[in-house]
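J.: The structure's right below; bear with me while I get my questions together.
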Amino acid sequence: MRYSPAHDNTLRRRRILVAAAAAVALLIAASAYAMLSRDNPSSSTSSSSELDVFAPPETAPDVAPTSGVLPELDPTADPESFARLVAHAIFDWDTVVAVPLSDYTNRLVTVADPTGESSPGLVADVAGYLPTATAWSQLRTYATRQWLAIDTAKVPSLWSQAEVEAGPDGFLPGTTAFTITGVRHRAGVWEGDPVASEHDVAFTVFIVCAPSYPDCHLLRLSRLDEPLG
């Protein structure tokens, strides 16, 4: 049986439409997966080609506040414990719970240096870790939550050099730094199926504790993945 040129053109147009629809579907899926693992664009160093999408682990912690209100960070005089609390306060969040994004920043500012001198810089530091308001809204459509699994929390070897260079009047007594390494996890839902991603992260938390203050306070954060060595 012979086909007319018009019939061939119809088949060709159908094939083009099918291919285009498949390409659009692939782009939408890739965008969803990328959103689940994207940091704030101003601070992210990962690319979509590095994503590893899989079912979320069964041992994922519950990072959502039970009352819809973020709990305050427990006061502590132990520097390492405080650094770990700060690390989780930065990375552990859940977009499904009705907690404003700004609350995550405010919770950290409340434990900043009481003098307020470092607070403006700290707010800018935290903004480099949290999603933007636009990204937060998009992540919410995928029921995204994030948490940090800490591997190490150590005073960086360069901290002693920083203290020497600062001189006797450079830092308040009890000022120190902890470099945190770990894995940032994200999990969400895409078309009814669970998806997740994970990335290694490293950063430094600068804090001040006793004898300057009875409890530890947060000074600044390094840029993500640019820790003090």
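Nothing in this text is a laboratory measurement; each read-out follows from the coordinates by a stated rule. Model, not experiment: these values are computed from the prediction.
J.: What are the ³J(HN,Hα) values, in whole Hz, obtained from phi via the Karplus relation 6.51 cos²θ - 1.76 cosθ + 1.60 with θ = phi - 60°, for each residue of segment 219-227 in sequence order, with x given for Gly and Pro?
T.: Values per residue, Gly and Pro as x: 9, 8, 10, 6, 5, 4, 6, 10, x Hz.
J.: Moving to a separate point now. Can you give me the long-range amide H partners of Thr204? Hydrogens built in the peptide plane at 1.01 Å from N, cutoff under 5 Å, separation of 5 or more residues or another chain.
T.: Close amide H contacts, sequence-distant or interchain: Ile180, Ser222, Leu228.
J.: If I take the Cα coordinates of segment 187-227 and project them onto the principal axes, what are the three extents in Å, biggest first?
T.: Answer, in whole Å and largest first: 53, 23, 11 Å.
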